[in-house]
Amino acid sequence: MPHVAVRDLSVTYEGKIGFKSTTVEIPDACITAVIGPSGCGKSTFLRCLNRLIDNTPGARVQGEVLIDGTNIYDPGTDLSALRKKLGLLSQRPQVLPMSIYDNVAYGPRIHGTRRRAELDDIVRKQLEVAGLWEEVHDRLHQPARQLSLGQQQRLCLARGLAVEPEVLLCDEPTASLDPVSSGHVEERLIELKSEYTIVLVTHMLRQAHRLADYVLFMYMGELVEEGPADELFSNPRDERTRDYVAGTIS
Amino acid sequence: MRRRLEEVGFRTLMLMALLSVVGALMLLIMVVAINGARALNWEMVSQVPTGGYYLAGGGGVLNAITGSLALAVTATVVAILFALPVALFLQSDYGGRTRFAVVVRTYLDLLWGIPPIVYGAFGFTLMLYMGLRASLLGGVIALTFVELPIMARAMEEVLRTIPRALKEASYALGATRWETMRWVVLRQAMPGLVTAVLLAFGQGIGNAAAVLFTAGYTDNLPRSLFEPVASLPLAVFFQLGTPFPEVQERAYASALILLVIVLVISIKSRLLGRLLSKHNVLD
Amino acid sequence: MISRIFPRLMQERSATATIWLLSFAVPLLTVGLAIGLTLRSLPILRDNSLIDLLTRTTWRPMAGEFGFLPFIVGTIAVTLVAMVISAPICLLAALHLAEYAGSQTRTLLRPLVDLLAGIPAVVYGLFGILVVVPAVGRYIAPFAESHLYFVPWLSPQQHATGYSILAGGMVLALMVSPFIISVAEDALQAIPVGVREASLSLGATSWETSKYVSLRAALPGLVGAVVLGFSRTLGETMAVLMVVGNVAQIPESIFDSAYPLTALIANNYGEMMSIPLFDSALMLASLLLLVVVAFFNFAAQMLVLAVRKRAGE
């Protein structure tokens, strides 16, 4: 049983279709890219996995999302524990209004880690994993806002990793970054994929080529095709996938 | 467990806070409505006070209703003449990026904060100095001071929401600044501007402190700019001050009339805003 | 061609000139007001030192004694009571409205709050006389007398009529609350959704997100809301005048009557002409109000700037 499995999941926004009934299993310990043109429902799909969709007014979810075998849409689900398991890297880096250190320590503190030494270790370790330690170790207590966008996004990655998730949900994590910063973030994701199940939403085909081991292609609210990356890119079965991969539709 | 407890505790607290504020305000409206409705009748709104009115004789507060409308309408019109240019000026198309705009904004904030009683008292001194007595004109001047900053600030906020690209589309067609303002900006902003005007009007008509000395009080209908006028807030205030329960009851009725006028204007401004926005290109 | 452009150009120029010219009115009016008030308060300052005026407690205009302290204390006391009551309640209510209420509740309540912010002061004053004053006199004061007699400020020192600092504070708290809620909610709404979601996705609960993220991110706006509410309360006249009792004394508890500066001006202005210096004294009172309000506006802006700098924006 993989960490993430989706059964008959569908979303409607005030009657309009977000995406149609979808069943899929996300393979562990690799990067799964969700590709498709904007508005195809891929971000909505991602938001269902950690139930952030709950905060969207008018959205109705049907079906099941199994995280480690438990349906997270069962009533009585502990949202806090669930979201601790699933880290999120959003489109724009969303740093919290506090220092660099406190951004990383935020999650562990919430979940009960209080000892300073322990927090220091976590902050250092995760900033190193995110490849940011060298750049910020001498100004940990300055506002996170002062970092460049690319650094902010890596900070968000470190912050997400600090709560020791099993899954990383990435919603176009490089969309607002310059090419160099994007490269940094991509490198990190490749390094992390042996330990985490990574779901990467992207509308950049080339990024999916570079990073993905497994690919889901969504089109107009429908999961059209899924498969290992090389197979899907070199030999798509569905016509729409072929057109999208070839660049004739977008 | 402690986390769950804190979560539930504060959520309850927040809900209670909101309910208590809204509840208290609803209670206020109910108390005024119930007490006011008892003394309210056709005579109250259709006649001026007769000789023995303040000794519980006959008559009504038509003088105050018309007086308040005259004061607030005139003051609002005068305030528009200043507030609209100031709001236009504060856009980047005119002086918005200059140092002078910072000055104007600062002083506008200051004017906005000055208590109406200060305007009233100062206005009165000024009138004495100029040999004027309490009159419609004096009240209008004091009320204009009260309304101007409210209106200008609200208008500026409305104009700030006009997208740059919309103005640029007009400039790109060769329109001058004024033409862009006149035909694009003001049109797009019209619903918001109307709301701003009515907001200021509502504040003006309900203000007692500013007109207390400047407008005076009279049992007559407003006749000229240079004679005293009555106003509803002061009608409430003075009638409450008499020792006769019947007259005090009329204060409740006057308060209800005032409350209804203010609420109707406020609701109207919202509806009007929606009506006027039919040509708007952006939501 | 020129003939067609010319009127347009003229129109453009005159419009620009008008707009600039009328904008000068704002600073001119303000400065004129300040100068006028200062000039009119000079006579009393010539005979008395400002320090004396502000610290003396006797108010006997007929004898030429003008001690402002009771009025200053009255203003501060009423304003503080109002803020102690309204600030926490309003911030919690705004938080609920911004982050917990469903979208339907919000679309219903938000316009209602704005609507209530427009209710005239005399109506609040009337409500104070009909409901708040009797409640204080009949229930709250006796309760405090029997249960809180050991707490300074909170136990009635004399027979309580209800016309008191507490009644004034409560009426003002109610009056200023739609305003504070409205400004505070705007500040909370301005926080990007993504920041809250970032916190939620780390497993923080809604309240934890509000506490550590929203309150922090919106702090400048929330501080601004409270300070603006404070300065509004300070200058309110009619509502407080009607319920606060208007006795020129240094109050010993919140159940005593007080006499705020605004009420002093409103109650005495008509009759001041016959007494020497009275009119100058009241102008000085107006000037004091103006200076204090200007100070708080300034302080609010500085605070907002300082907080913003610390947040690194």
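For A:A246 and B:I267, what is the calculated FRET efficiency with R₀ set at 60 Å and r taken between the beta-carbons, to the nearest 0.05? For R0 = 60 Å, the calculated efficiency reads 0.55. When the convex hull of its Cα atoms is viewed from all sides, the range B:1-94 shows a mean projected area of 13.1 nm².
Annotation: for a label point projected 7 angstrom from Cα along Cα→Cβ of A:S21, residues of the range A:47-68 with backbone N closer than 14 Å are A:62-64.
Under conditions of 4 °C and 1.567 mPa s, the range B:172-283 yields 76 µm² s⁻¹ as its translational diffusion coefficient, taking Rh as the Kirkwood radius over Cα pairs in the Stokes-Einstein equation.
For B:Y54 and C:A190, the FRET efficiency from 1/(1 + (r/R0)^6), where r spans their Cβ atoms and R0 equals 35 Å, is about 0.10.
Electrostatic bookkeeping for C:L287 treats Lys and Arg as +1 and Asp and Glu as -1; over the other residues with beta carbon under 13 Å from its beta carbon, the sum is 0. Qualifying chymotrypsin sites (Phe, Trp or Tyr not before Pro) in the range B:186-242, where qualification requires a DSSP coil assignment and no more than 16 other C-beta atoms within 10 Å, comprise B:F226. Between C:V291 and B:R133, the FRET efficiency estimated from the beta carbon spacing at R0 = 30 angstrom works out to 0.55. Think of it as helices only: each DSSP H run of n ≥ 4 in chain C is worth -39500 (n - 2.57), and spread over all residues that comes to -22000 deg cm²/dmol at 222 nm.
Our summary of shape: the Cα atoms of chain A have principal axis extents of 54, 43, 33 Å, ordered from largest down, in whole angstrom.
How large is the Rg to Rh ratio of the range B:38-276 when both quantities use alpha carbon positions and Rh follows Kirkwood?
Numbers: Rg = 20.6 Å, Rh = 19.3 Å.
The Rg/Rh ratio comes out at 1.07.
Annotation: average projected area of the range C:69-312 is 15.8 square nanometres, based on the convex hull of Cα atoms across all directions. Spin-label model, B:E246/C:I250: points 7 Å from Cα along the beta carbon direction are separated by 4.8 nm.
Within chain A, what's the longest stretch lacking trypsin sites (Lys or Arg not before Pro) that sit in DSSP loops with no more than 10 other Cβ atoms inside 10 Å?
The longest such stretch corresponds to A:116-250.
Compactness ratio for the protein assembly as shown: Cα radius of gyration over 2.2 N^0.38 Å (N = residue count) comes to 1.12. What number, in percent, do you get for the relative contact order of chain A if the mean sequence gap of Cα pairs under 8 Å and at least 6 apart is divided by its residue count? Value for chain A: 29 percent.
In the range B:38-276, a dipole from Cβ-located charges (positive for Lys and Arg, negative for Asp and Glu) runs towards its positive end, and of B:G216, B:L199, B:T161 it is B:T161 whose Cα lies farthest in that direction.
Taking the range C:29-113, how much of its Cα-Cα pair set, in percent, is spaced more than 18 angstrom apart? When all Cα pairs of the range C:29-113 are counted, 67 percent exceed 18 Å. Between A:D28 and A:E195, the modelled label-to-label distance comes to 1.6 nm, taking each label 7 Å out from Cα in the direction of the beta carbon. In terms of its Cα atoms, the range C:154-294 spans 71, 34, 19 Å along the principal axes, sorted from long to short. Working from label points 7 Å from Cα in the Cα-to-Cβ sense, the A:T70 to C:M302 distance is 5.3 nm. Subtracting the Cα-Cα distance of C:L154 and C:T55 from their residue separation scaled by 0.36 nm leaves 33.2 nm.
Could you tally the net charge around B:S254, taking each other residue with its Cβ under 15 Å from the Cβ of B:S254, Lys/Arg +1 and Asp/Glu -1? Spell out each step's value before the answer.
Working: positive: B:R38, B:R250; negative: B:E43, B:D219, B:E246, B:E249.
With Lys, Arg at +1 and Asp, Glu at -1, the neighbours total -2.
Taking every C-alpha pair closer than 8 Å and separated by at least 6 residues, the mean separation divided by the residue count of chain C gives a relative contact order of 27 percent. For the range A:1-54, pairs of C-alpha atoms spaced more than 12 angstrom apart make up 70 percent of the total.
Got the relative contact order for chain B handy, in percent, Cα pairs under 8 Å and 6 or more residues apart? Display every interim value, and only then the final one.
Numbers: 385 pairs, mean separation 76.5, N = 283.
Reported relative contact order: 27 percent.
Here the range A:124-195 is treated as a sphere whose radius is the Kirkwood value from Cα pairs; by Stokes-Einstein at 10 °C and 1.306 mPa s it diffuses with a coefficient of 127 µm²/s. For the segment B:207-214, counting C-beta atoms of other chains within 10 Å of every residue's C-beta and taking the mean gives 5. Dipole magnitude for the protein assembly as shown: about 1520 debye, using +1 per Lys or Arg Cβ and -1 per Asp or Glu Cβ, origin at the Cα centre.
Put simply, the Cα atoms of the range A:118-165 extend 25, 19, 16 Å along their principal axes, the longest span coming first.
From the C-alpha coordinates alone, can you work out the Kirkwood hydrodynamic radius of the range C:122-197, in Å?
On the way: mean 1/r = 0.0680 Å⁻¹.
Taking every pair of different Cα atoms in the range C:122-197, averaging 1/r and inverting gives 14.7 Å.
For every other residue with a beta carbon closer than 14 angstrom to the beta carbon of B:T180, add +1 if it is Lys or Arg and -1 if Asp or Glu, then tell me the sum.
Details: positive: B:R164, B:K167, B:R177, B:R182, B:R187, C:R8; negative: B:D93, B:E168, B:E179, C:E12.
That sum, taken over residues with Cβ under 14 Å, equals +2.
Values quoted throughout were computed directly from the atomic coordinates according to the rules given, and no laboratory measurement underlies them. Just so we're clear, the structure is a prediction, and the values are computed from it rather than from any experiment. Backbone-built Cβ (ideal geometry, glycine too); neighbour counts: all protein chains shown.
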